[in-house]
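Here the structure comes first, spelled out in structure tokens, and everything after it is commentary.
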Amino acid sequence: MSLPIVFLFYFLSSAALVYFSIKCADYVDLLDKKTSMSGAFIGGVILAAVTSLPELITSISALSIGNEGLIIGNVLGSNIFNLCIFGSLTALSVRAFAKCKMGRAHLATLLCTIIADVLMIATLLLDPKYTRIPGIEINAASLVILIIYFVSLRYLSADETENDEEDTSPLTVKQIVIRMILMALGLVVMSFVVTCFADKIQKGIPGIGSSLTGALFLGITTSLPELTSSITLVRRRNFNAMVGNVVGSNMFNFTIFSVADFFAGKTIIYQQSDASMMMIYFGITSTVLVSASILLQNKLKQSAPEKKSKLFIYALLGLGVCASYITSLALGAV
């Protein structure tokens, strides 16, 4: 199959991912309105898990086709791209962001992702023989990441921020859940297809590494569900669920390392490269900027939320996140 045909099918499968993710976001917004669960929990747990299915399936698929180097680029590239989603949407919708209700639980989740990033740095820099648990073929970081993830869930489940928008849908909660499951299955199928075509693209372009391929052709594509669902939620003024989707997806993505490590056996999935280290460093930078934006929004929204100086700060922080993502790709490609 020629490279242009591979690219064609790659973009078609990516378009299918976009469709399924938009429908998932619609159903999540309806769940937020029809149930007593907070937008932070629905976005950070339910939608985050659904929209992160592509990252999970593509990473497992990368193992099955013998290209485990794609995994780290896929996860880290997806995470920093997700934060760029937050930055761009808040910068473009800064007035709506300034007035929205935002759960403080997101800050705890962001702190958990920073801890996971630091853990990744240590794991990549150390020799695998010092980080793998004796007697079982799994890295210690994989177990610690799972613990951090469940800690972050505890904070999201305790959030009590509610959505005040009126429910006008005739669908019942059961109908919404069933339709969301069907859309999630569509995401799973297309995720495997995207991985196969990304692998063919890497093999068809001389000189491009697995980490950079994972960040560009998997990291971005498998983050399309987060992008399109987040845009849908922002258009519905549900910023709380949007932020939960972005930061919750990032924390869920880290658990992909744990799952992949379990299936990998003796294969080492924690593979260091200049591109992967750049993505971690700038990922931490972006996470700090996102945390600052949410923290300021919580503190300042009560006092003249539309004051120009405050809107400028939100926009500046959002653009800073976008600049961090672009810089990480540029330096990683050098």
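Some points to look at:
- In the context of the full set of protein chains, region 238-334 has a per residue accessible area of 40 Å² (1.4 Å probe).
- Accessible-area composition of region 6-92, carbon plus sulfur, in percent [1.4 Å probe]: 73
- The H on the amide N of ARG132, modeled in the peptide plane, is under 5 Å from the matching H of ALA140, each at least 5 residues off or on a different chain.
- Surface accessible to a 1.4 Å probe, per residue, for the residues of region 18-159, Å²: 36
- Neighbour-limited loop hits for trypsin sites (Lys or Arg not before Pro), region 225-304 (at most 13 other Cβ within 10 Å; DSSP other than H, G, I, E, B): LYS266
The values are calculated or read from the model by the stated rules, or taken from the named source; none is laboratory data. Predicted, not measured: the structure shown is a model, and the values here were computed from it. Cβ atoms come from the backbone with ideal geometry, glycine included; neighbour counts cover every protein chain shown. The area values use the complete protein model at the heavy-atom level, side chains included, leaving out ligands, DNA and RNA. Shrake-Rupley method; radii C 1.70, N 1.55, O 1.52, S 1.80 Å.
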